[in-house]
């Protein structure tokens, strides 16, 4: 696996896949996609990176332990749900902020629902990497 | 021979003194109630314990409960005083005293309770505390065995009793004993009378060690002697008798009652007296005479005549007094000499004169000599026996034989050790017991003498009100008197003396005979061992087959349950017409299904790992195609990604795993195939039936309508996931996080162990 | 089509059960993958099938097409797939680990927790 | 407001996240304790709210029922949540001394708290698919906890536990699919109305049996209990205590919920099956225990046996019987968790849980002996401890419907329970230690001793309180049983409360 092409190539692939995964995440509310699919695609990038450059490198590139990312994602998703409390709503009630909304055009929607989906993304991303890294190191 | 090694160190501190004071105070308290009760009053106190279930903690002081309470607290005080010296300095004395005091309180609660369930609660408390007391010598196998035996036998009876009490409560419409007793006719006529009676008797007979449940009692002598004195004179074993006495007004008077009690009582009395004579250990001999007394008491409770009841009450008191005294005497002997073996002991009269005198008085009362209370008791017994209308000869004969044997045993226990000449070496040089240990035997023996000489002291305060509890009227009690004139009971008494003395004279050859007979007879104690090992073997056998440790079997049973459960329900309840309609399906769809099916078949049958993984991949892709065809793009993408990951993970794992089958090993399993096809078939049938029902689309329609206007999303599936059913998704990601953490933990602990 | 799928699901279940009953626990895992697919398809089919109209609301519209597919079972299946994956991943690692510590994949030889001939007390 | 309802679910998750992120910090281990204490407070206020309002309902995301996910607490749910919080608190204190650093670094506290969250979620949810999700949350955390430590028998037991539970999961999921396919709804209250509309009652019964089997595995009913005795004696003691207390009870809870609220259309068939299953469960469990000679294995088999009692209560389906079932649930969680905790202390002091290899605790550790006697005799049904009332109510309920054989079974199983408990007592406590070890607790340092004994004492005290003052608990169980038998209030609260 010590091919230079693979090593350099995988770096680019990581970048491209990460961008694509974020695209999938953000469009999820209106078209096929979403946090889970996004997280999986993002994780795939790092899995390829780990295959190309070894898990040690991949871990270093990630900086944070993947299980910490996953757990933090769970926390973020939970906070997104809890945010409703500030507005006197029940748990997981979506809170929306439409930036620049005019009439029918809803502008740029920011919502706790999106934050929740980001949590999902991080959980999937972190969990898959936790699993794959550990398995690769073991085998 | 001694189980409880008496210690010469002294002082148990508070643990020694406080219980004596408590029980003494209780005794005095009950004494102060005597005038009121003998005047015909009944005291009642009640607390709503569990009103939802109709259970009250109610207590009743009447003649019967007062008599019992006085015996319990009085003897309890003396026993506690005695124990403090007997077990002086024992490391576990505090626990001992605690258990003994708790036992006494439980026993008091039992006899005072006026609620069926309240009574049962105290009943079981005596079971627990006596378990702990009998197991005082817990470091020996014998001690533990005896404790368990007592617990198990009486516990079994208690469960029957519980069922009986509940049924009685349901039938009578109340759990208050005094209310039930007032409904005697109703209960005797109730269709549940017989079952209830049998259940109550099961409880009473096990607790009171009636034949054939008697075997636990002699083993219970593993307890320290003061415990035996207490449990087997006035308390534990009398609980069963108390229950019968308490229920007497409601249950007696039927043939079943009469004959069950009479026969069990008589058999127990005679059988136990013979066994008593067979023993050479003084304590064991006393234990069997306790059985005899219990049998006699039960016998009398079978009757309803005032003679029988008076006899019951008198003998109850007599027995408690002399039996406690004699047990304590045996304890003194044991304490002083280090043995209880009748064939070794002798000549103690000179070194232990006070003990000897107390023993003599108690024994004379036991043997039924005048002027002691025992004599009056015996006379009344004969009178009572003769009052049995149908079979006086049988009953009187049984009583006569038992009494004669008892006289002989009294001689063995209380006369020979003191006055026989012997050359045997004693384990210790005997000396007179200290006063704390003499107080009990002396006072109890003296009471027997005083009440004998002046029976009026007992008649009005205790006997009459107690008889009144049975018969409703204190004047029904027969008069207690030493000289009742020349009558049949007197002749029977004389016959008893003659026969008893005769048996005493020949008791040693007779004993050898009895030992041989006993050894030949079926042994209940060994039966117990057989029962236990049989139970264990059965448990072991059934567990071996069910919980076999073989995973395949577990899974097989589980799926077999599915097949039988679902298939059976289909057959019994029917699911309607489920003929599949396979018309009009596009070729493309047939192809996808064929792909899935082929993949499935290969996965199920192949012996190659690579083929299996590839087949799984094919199935996964086929399922994803289904999702694509049937308008589920999100699901399809997810399915494809997940299937890819699964295949990758399996492939990675397989780098280290062995081949599917060992060389030459066949994995052809026809029965598994039958089960598998059965389960598959049941699932298909159920699904077909479900598809034949109409589907209500309310939920989906709501989501379609609100998804964009209210939840601001055009991908309805995603909106459901992150908004309508966000809680599901949250749970789902929690599963993912934890799955990865768990898998990580699994892998990491491997690494740790390898490096170690 | 639902009926055909019902039969295919039955086949999936049958194969899965057969695999799960095998001695080799790796086969159990294969069976698990199949039966999870079967369960997901049961939910999906239970919500009835619609060809070619995904539950998406087109730009400018407030409602999806009138004959759009049932969205709810799709969401449920999605959740179930992910959960199933989590469970599967753990089970796979567990079996892997079982092999490295117990030295076998044969469930009949896995007798550490419930040893043969446990002594009677 | 729905937050009293939501907090008991949210708190353990927050605790889990916090405990995991702080896992390298020595203070991290206290997060669990604090979290459990807060959970107990939250659960208590939910209980009060439920007592006041009857049924507390929260529509998650403000979407009305039956469209969104509804959380519901009737009395049974509230009781279960409180008892879960109590168990969690006791076990998390115990874990301070029981769980080593390595297990903490691998995420013990996160796993534990997510487990609790899953349990609470299962008790509170009013949605069938959501119930499935909480079952899975619970299941996967239990997998993790079970193998944490990684000893051989843990892996072996884990394989059996995991495989059989996965089978149950798949059954549950398929059942949901089928039920949805017939009714078009997932909300439990809505389901209870929708099933009445289903014309094919035979099919409905088939699906009901499917749920019965799926939950039967979770609850460890005959003949589906194998995973339990195969695994419960293997993990850390804290873990087996919380498993013993809670996991099977979730299965029992689910059975009670589904077979009072949804599947009550064919009681003569479904509940009759349950009746005989209950009897067989009691018998096989108790005989299994009689065959064992290991502290924890005996206790494990007894769980099976006592699940039978609870199911008996459900199956009889009379008000009194359900009172018995609910009371038994509560009593059993407290007592069983405690006994497993005690087994852990006994193992620490004597070096093993194998009864033939231990002893001497009565002499050297009298406090522990008392603390053991309380739950042990309670389990065996001795008055006046909690188990007596549980048994009493069930026996009376059985006798009232003149089910003589079942009453006999219930009583006889009680006797055999006594046998097993005294076996432990005689061997571990009364007998001398065979190797002459003096199992004195003095050899543990002060904080360890406190962490181990405090929760045990706390649970034992609870057992005594329930035993001596049963009235409030019985009354609560009565009210709860009344709600179960007549779910109108539940249904209107869920469906009507949203408008």
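The values are calculated or read from the model by the stated rules, or taken from the named source; none is laboratory data. Quick caveat, the model's predicted, so the values are computed rather than measured. Here the Cβ positions follow ideal geometry from the backbone for every residue, glycine too, while neighbour counts run over all protein chains shown.
From the list B:160, B:113, B:147, B:156, pick out the single residue that is more than 15 Å from the chain's Cα centre (by Cα), in the same structural domain as residue B:26 (by TED's automatic domain parsing) and on the phi < 0 side of the Ramachandran plot. Before you say what the answer is, go through the steps one by one.
Working: B:160 fails: more than 15 Å from the chain's Cα centre (by Cα); B:147 fails: more than 15 Å from the chain's Cα centre (by Cα); B:156 fails: more than 15 Å from the chain's Cα centre (by Cα).
Going through B:160, B:113, B:147, B:156 in turn, just one is more than 15 Å from the chain's Cα centre (by Cα), in the same structural domain as residue B:26 (by TED's automatic domain parsing) and on the phi < 0 side of the Ramachandran plot: B:113.
Identify, please: which residue in region C:66-83 is part of a loop (DSSP other than H, G, I, E, B) and surrounded by 17 or more Cβ atoms within 10 Å (Cβ to Cβ) and is, among those, farthest from the other protein chains (Cβ to nearest Cβ)? Steps first, please.
Residues of region C:66-83 that are part of a loop (DSSP other than H, G, I, E, B), as a first pass: C:66-70.
If we keep only those that are surrounded by 17 or more Cβ atoms within 10 Å (Cβ to Cβ) too, we end up with C:68-70.
Details: C:68: 7, C:69: 4, C:70: 5 Å.
That would be C:68.
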task = Would you be able to say whether some residue in region D:138-146 is surrounded by 24 or more Cβ atoms within 10 Å (Cβ to Cβ) and away from chain C (no Cβ under 13 Å)?
result = no
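For region D:370-388, give me the residue count where each residue is within 9 Å of another protein chain (Cβ to nearest Cβ) and either surrounded by fewer than 24 Cβ atoms within 10 Å (Cβ to Cβ) or touching a helix residue (DSSP H, G or I) at 6+ places or on another chain (Cβ under 6 Å) (or both).
Filtering region D:370-388 down to residues within 9 Å of another protein chain (Cβ to nearest Cβ) leaves D:373, D:377, D:380-384, D:388.
Retained after the next criterion (residues that are either surrounded by fewer than 24 Cβ atoms within 10 Å (Cβ to Cβ) or touching a helix residue (DSSP H, G or I) at 6+ places or on another chain (Cβ under 6 Å) (or both)): D:373, D:380-384.
The number of residues fulfilling the criteria is 6.
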key: Of the criteria (1) surrounded by 24 or more Cβ atoms within 10 Å (Cβ to Cβ); (2) assigned to a helix (DSSP H, G or I); (3) at pLDDT below 90; (4) under 20 Å from the mean Cα position of the chain (by Cα), which one residue B:219 fails   = (1)
query = Considering only residues of region B:35-53 that are in a helix (DSSP H, G or I) and buried (at least 17 other Cβ atoms within 10 Å of the Cβ), which is farthest from the chain's Cα centre (by Cα)?
reply = B:38
ask   = Scanning for something at positive phi and either in the same structural domain as residue B:77 (by TED's automatic domain parsing) or part of a helix (DSSP H, G or I) (or both), does region B:172-179 turn up at least one residue?
value = yes
remark   = Note: among B:68, B:29, B:99, B:103, just one is part of a helix (DSSP H, G or I) and surrounded by fewer than 17 Cβ atoms within 10 Å (Cβ to Cβ), namely B:29
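Filter region D:205-221 down to residues that are more than 17 Å from the chain's Cα centre (by Cα) and at the interface with chain B (Cβ under 9 Å from one of its Cβ atoms) and give me whichever is nearest to residue B:556 (Cα to Cα). Outline the logic, then answer.
So the first thing to find is which residues in region D:205-221 are more than 17 Å from the chain's Cα centre (by Cα), and the list is D:205-213.
This time we only want the ones that are at the interface with chain B (Cβ under 9 Å from one of its Cβ atoms), so: D:205-210, D:212-213.
Numbers: D:205: 23, D:206: 20, D:207: 21, D:208: 21, D:209: 18, D:210: 16, D:212: 18, D:213: 14 Å.
Residue satisfying both the conditions and the ranking: D:213.
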ask   = residue D:409: surrounded by 23 or more Cβ atoms within 10 Å (Cβ to Cβ), in a helix (DSSP H, G or I) and touching a residue at least 12 places away in the same chain (Cβ under 8 Å), yes or no?
value = no
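Using the structure shown, decide if residue C:26 is touching a residue at least 40 places away in the same chain (Cβ under 8 Å) and either outside any helix (DSSP H, G or I) or at the interface with chain B (Cβ under 7 Å from one of its Cβ atoms) (or both). First the steps, then the outcome.
Working: touching a residue at least 40 places away in the same chain (Cβ under 8 Å): yes; either outside any helix (DSSP H, G or I) or at the interface with chain B (Cβ under 7 Å from one of its Cβ atoms) (or both): yes.
Yes, satisfied.
Please work out which residue is nearest to the other protein chains (Cβ to nearest Cβ), limiting yourself to region A:64-99 and to residues that are exposed (fewer than 14 other Cβ atoms within 10 Å of the Cβ) and within 15 Å of residue B:712 (Cβ to Cβ).
Here is the first cut: in region A:64-99, the residues exposed (fewer than 14 other Cβ atoms within 10 Å of the Cβ) are A:64, A:86-88, A:97, A:99.
Narrowing further to those that are within 15 Å of residue B:712 (Cβ to Cβ): A:97, A:99.
Numbers: A:97: 11, A:99: 13 Å.
Only one residue fits best here, namely A:97.
Looking for whichever is at pLDDT 90 or above and over 26 Å from residue A:111 (Cβ atoms) here; the options are D:11, D:40. Which one fits?
Details: D:11 fails: over 26 Å from residue A:111 (Cβ atoms).
On inspection, the qualifying residue turns out to be D:40.
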task = Looking only at region B:332-339, decide whether some residue is at pLDDT below 90, surrounded by fewer than 24 Cβ atoms within 10 Å (Cβ to Cβ) and within 23 Å of residue B:373 (Cα to Cα).
result = no
ask   = Would region B:634-649 turn up any residue that is more than 56 Å from the chain's Cα centre (by Cα), in contact (Cβ under 8 Å) with a residue 24 or more places away in the chain and within 8 Å of chain C (Cβ to nearest Cβ)?
value = yes
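Yes/no matrix, rows are residues, columns are (1) in contact (Cβ under 8 Å) with a residue 24 or more places away in the chain; (2) within 29 Å of residue A:128 (Cα to Cα):
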site	(1), (2)
C:57	no, no
C:62	no, no
C:66	no, no
C:72	yes, yes
C:85	no, yes
C:88	yes, yes
C:96	no, yes
C:104	no, yes
C:109	no, no
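Evaluate region B:598-607: report whether one residue or more is in a loop (DSSP other than H, G, I, E, B) and either within 30 Å of residue B:718 (Cα to Cα) or more than 8 Å from chain C (Cβ to nearest Cβ) (or both). Let's see the steps before the verdict.
Of region B:598-607, the ones in a loop (DSSP other than H, G, I, E, B) are B:606-607.
Checking which are either within 30 Å of residue B:718 (Cα to Cα) or more than 8 Å from chain C (Cβ to nearest Cβ) (or both) leaves us with B:606-607.
Yes, region B:598-607 has at least one match.
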task = Kindly indicate whether any position in region D:180-202 is touching a helix residue (DSSP H, G or I) at 6+ places or on another chain (Cβ under 7 Å), closer than 26 Å to residue B:552 by Cα and facing another protein chain (nearest Cβ under 8 Å).
result = no
key: Residue selected from region A:52-63 under the condition in a helix (DSSP H, G or I) and without any contact (Cβ under 8 Å) to a residue 60 or more places away in the chain, by the criterion surrounded by the most Cβ atoms within 10 Å (Cβ to Cβ)   = A:52
task = State whether one or more residues within region C:49-64 are assigned to a helix (DSSP H, G or I), under 23 Å from residue C:33 (Cα atoms) and within 14 Å of chain D (Cβ to nearest Cβ).
result = no
key: Matching residues, region B:706-717, being assigned to a helix (DSSP H, G or I) and facing chain C (nearest Cβ under 8 Å)   = B:716, B:717
inquiry  = Scan region D:400-410 and tell me whether some residue there is within 10 Å of chain B (Cβ to nearest Cβ) and at positive phi.
reply    = yes
note = Checked region B:43-62 for anything touching a residue at least 24 places away in the same chain (Cβ under 8 Å) and either closer than 27 Å to residue B:79 by Cα or away from chain D (no Cβ under 14 Å) (or both); matches are B:44, B:46, B:58, B:59, B:60, B:61, B:62
task = Could you check, for region B:690-698, whether at least one of its residues is part of a helix (DSSP H, G or I), under 56 Å from the mean Cα position of the chain (by Cα), surrounded by 24 or more Cβ atoms within 10 Å (Cβ to Cβ) and within 7 Å of another protein chain (Cβ to nearest Cβ)?
result = yes
inquiry  = Restricting to region C:89-112, give me the number of residues that are within 8 Å of chain B (Cβ to nearest Cβ), modelled with pLDDT under 85 and more than 25 Å from the chain's Cα centre (by Cα).
reply    = 1
note = Only one of (1) surrounded by 15 or more Cβ atoms within 10 Å (Cβ to Cβ); (2) farther than 24 Å from residue B:338 by Cβ; (3) under 38 Å from the mean Cα position of the chain (by Cα) does not apply to residue B:438, and that is (2)
ask   = What residue, among those in region D:222-255 that are over 13 Å from the mean Cα position of the chain (by Cα) and closer than 30 Å to residue B:576 by Cβ, is surrounded by the fewest Cβ atoms within 10 Å (Cβ to Cβ)?
value = D:223
remark   = Taking region D:1-40 and keeping only residues that are farther than 20 Å from residue D:121 by Cα and more than 12 Å from chain A (Cβ to nearest Cβ), one is left with D:25, D:26, D:27, D:28, D:29, D:30, D:31
